[in-house]
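Undergrad: Before I ask anything, here is the structure I am working with.
The values are calculated or read from the model by the stated rules, or taken from the named source; none is laboratory data. These numbers come from a predicted model, not from an experiment. Every residue, glycine among them, receives a Cβ derived from its backbone with ideal geometry; neighbour counts consider all protein chains shown.
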Amino acid sequence: MKADNTKAQMRKGVLEYCILLTLQNKPQYSSDIIVEMEKSRLIVVEGTLYPMLTRLKNEGYLGYRWEESIQGPPRKYYELTETGKLFLNELGNAWNDLVNAVFQITGRK
Amino acid sequence: MKKTFTINISGSIFHIEEDAFEKLQDYLHRLSQYFGSQTGGQEILQDIESRIAELLQDKMTENKEAVTMEWVDEVTERMGKPEDFMDTEQTESAGGTATESKGEKIRKQLYRDLENRVLGGVCSGMGTYFNIDPVFIRILFVLLVFLGAGVSIIVYLVFWIVVPAARSTAQRLEMRGEEPTISNIQKTIQEEIKEVKDSFSKMNQSESFLKGREVADKAGQASVQVLKRLARALGIFLGGLLIFLGFIGLVIFLVSVAIGGSALHGNSGMFQPDVDLPNLLGFFVSPGLVGVSILLIVLIIGIPLLATLFVGTKLVFRYKTNNKLIGMGAFGIWLVALIITIAITAGQFNNFMLENTATTGKPIDCQSCKTLYLKSGTLPTSMDIEKNIDMDDFLVATVGGKQVLAGRPHLKLEATDGSDFSVIIKRKARGKNNEAIQNSLKQIQYEVNSKDSTLVLDQFFTLDNQAKWRNQEVLVTVKVPKGKMVHLGKDLDQMQFDFENLNNLWNKEMTGKTWTMTPEGLALKE
């Protein structure tokens, strides 16, 4: 269905923004990001997250460090880099613009 | 009770049941096929693996320590299929490659199906490959065994050796995967063309040039895809042709080597060749070398034929082999065989070093004759010529049930000042020394008989059964007194005439006529 495709496109853009948002205040373990995303029902299958994290990292917006955990092997904690913070700001502005645009249009009607 | 394996997923140890292990391995295999080639792919895989480890760890309790099928199902469902979570941006930037790799993932490959095998699983594998009941392929093979005198057994063995068996789950999946077959290819080509058309119409609608270029890029990739499919279809056609040629070539070749004309005389099969290779070789090389020569010929001719078959099957079917090893190995053996053959051939050369002749002559006792009548002797009527080994100077024939070498003698008519007709027979042969030459000369059988005014000439000379070919020749010269005449019988159609002033005439134009010996040479009697 056409709507599915559009919905998926919308979600993907927002998903990237939301991943960065979860990292805004403190570094996060990837499984914790997943838990948040699943709570807000932004992702359907968990596998979606990993390629996206790797890409954001390769583009320089994210960094990570290994942290020992009490149970099991060390964990990968992701955090925003300086460029990542700027990028997030820009996305935030774009998001506000979009929200305003939608409100304006729906408000006018 | 179930067998379990111990595995290590990103640093954590698990006990996992056999079926669950296969399923998990298959899932990871598919993931690595998906991400393996892209940048950061290994990292993504590691991340996913550690997440899987984490999820499995959460499920472990004191009572449940082994990973079961259900757990794996649950985890893989939660993680999703690789095509579900391909990152969009990368999909777009990678363009057609994402769809292509999706196609590759389920690409059908030819495997030997061991689960449904009768012998090596070749037929069942082919059945799966073509989506038909293997019984039909088995029937086809058995039929070919009867028709092709067993060559399809060799073809089967080649497949058995060359085609890998489907052992792991992943291989079994590839074996059953979708795609090839010609109708599917046609379908895909149509789809691709439609896609290209759509892309173009989309491009026309969009105003932005940038967007347009991107679409054009995609269209370009799509047309590359179409070309690829066309190339594949062409490859299948070509491969089929090669298989056919290789197969027929092998049948004919092997039958002529293994069975030959001696064991099966007459019409014993579709592909009954007339050449009996071992026998034929005996005419050229010394007895001790016949076996070796046969082996060499088998290698020199057989390897390219097998290679044709192999390349053909590689074009038609998709299966994994160590091409390099097989190719280099076969080429190496072929090269060695060729070198040995050249060496042996070179060794045979000194058998042709020297030439000598033996001449016998006899007068024809017929002084009163004005015309000498030349007629054909019992050869060729009493012999059976092998049609496919018949060169001008030598041929293979069957005389009295035995295969022998034979040759066509040359006939010359020469003017003489005397008053008598006479005939001179000159035998020629080559050899490494005089003794060998004399021996070869003795082996030349040729008969000329005269009675009154008739000279009966055999139109072929033959060599004794044990004789080797040493470029033997026979020259028959008939001395004709000037003014007398010679009638060439109509049946003299096989001999080679060496008439100095008539060398542009066909035999047909000279036989059945009477010729007068004039001082200028032969002239047709008016």
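Undergrad: Can you tell me which condition B:LYS362 does not meet? The list is (1) under 30 Å from B:THR511 (Cβ atoms); (2) basic (Lys, Arg); (3) without any contact (Cβ under 8 Å) to a residue 12 or more places away in the chain, and all the others hold.
TA: The one condition B:LYS362 does not meet is (3).
Undergrad: Keeping to the range A:39-53, report how many residues are surrounded by fewer than 19 Cβ atoms within 10 Å (Cβ to Cβ) and within 10 Å of the chain's Cα centre (by Cα).
TA: 1
Undergrad: Just need a number here: residues in the range B:484-511 that are in contact with a strand residue (DSSP E or B) (Cβ under 7 Å, 6 or more places away or on another chain), assigned to a loop (DSSP other than H, G, I, E, B) and not acidic (Asp, Glu).
TA: So the answer is 6.
Undergrad: Restricting attention to the range A:1-18, report how many residues are hydrophobic (A, V, I, L, M, F, W, C), at the interface with chain B (Cβ under 10 Å from one of its Cβ atoms) and without any contact (Cβ under 8 Å) to a residue 12 or more places away in the chain.
TA: The qualifying residues number 1.
Undergrad: Would the range A:59-70 turn up any residue that is small (Gly, Ala, Ser) and either touching a strand residue (DSSP E or B) at 6+ places or on another chain (Cβ under 7 Å) or within 23 Å of B:GLU77 (Cα to Cα) (or both)?
TA: The answer is yes; a qualifying residue exists.
Undergrad: Name the residue that is farthest from B:LEU455 (Cα to Cα), counting only residues in the range B:487-526 that are polar (S, T, N, Q) and over 52 Å from the mean Cα position of the chain (by Cα).
TA: Among residues in the range B:487-526 that are polar (S, T, N, Q) and over 52 Å from the mean Cα position of the chain (by Cα), the one farthest from B:LEU455 (Cα to Cα) is B:THR518.
Undergrad: Next question, about the same structure. Identify, please: which residue in the range B:48-72 is more than 14 Å from chain A (Cβ to nearest Cβ) and under 54 Å from the mean Cα position of the chain (by Cα) and is, among those, nearest to B:SER12 (Cα to Cα)?
TA: B:VAL67
Undergrad: Let me ask you something else. I'd like the residue in the range B:313-359 that is over 22 Å from the mean Cα position of the chain (by Cα) and aliphatic (A, V, I, L, M) and, out of all such residues, is farthest from B:ARG112 (Cα to Cα).
TA: B:ALA358
Undergrad: Next question, about the same structure. Would you confirm, using the coordinates I've provided, whether B:SER453 is small (Gly, Ala, Ser), surrounded by fewer than 17 Cβ atoms within 10 Å (Cβ to Cβ) and in contact with a strand residue (DSSP E or B) (Cβ under 7 Å, 6 or more places away or on another chain)?
TA: When the stated conditions are applied, B:SER453 passes them.
Undergrad: What about B:PRO273, is it touching a helix residue (DSSP H, G or I) at 6+ places or on another chain (Cβ under 8 Å), under 15 Å from B:LEU147 (Cβ atoms) and at pLDDT below 75?
TA: Here the answer is yes, as B:PRO273 does meet what is asked.
Undergrad: For the range A:19-38, indicate whether the set of residues that are away from every other protein chain (no Cβ under 12 Å), touching a strand residue (DSSP E or B) at 6+ places or on another chain (Cβ under 9 Å) and either of a type in the set (Lys, Arg) or exposed (fewer than 12 other Cβ atoms within 10 Å of the Cβ) (or both) is non-empty.
TA: Yes, because at least one residue in the range A:19-38 is away from every other protein chain (no Cβ under 12 Å), touching a strand residue (DSSP E or B) at 6+ places or on another chain (Cβ under 9 Å) and either of a type in the set (Lys, Arg) or exposed (fewer than 12 other Cβ atoms within 10 Å of the Cβ) (or both).
Undergrad: When only residues in the range A:50-71 that are touching a helix residue (DSSP H, G or I) at 6+ places or on another chain (Cβ under 6 Å) and either facing another protein chain (nearest Cβ under 10 Å) or in a helix (DSSP H, G or I) (or both) count, which is nearest to B:ARG51 (Cα to Cα)?
TA: A:TYR50
Undergrad: I'm checking my understanding of the structure. Among residues of the range A:72-89 that are under 26 Å from B:LYS59 (Cβ atoms) and without any contact (Cβ under 8 Å) to a residue 24 or more places away in the chain, which one is nearest to the other protein chains (Cβ to nearest Cβ)?
TA: Among residues in the range A:72-89 that are under 26 Å from B:LYS59 (Cβ atoms) and without any contact (Cβ under 8 Å) to a residue 24 or more places away in the chain, the one nearest to the other protein chains (Cβ to nearest Cβ) is A:PRO73.
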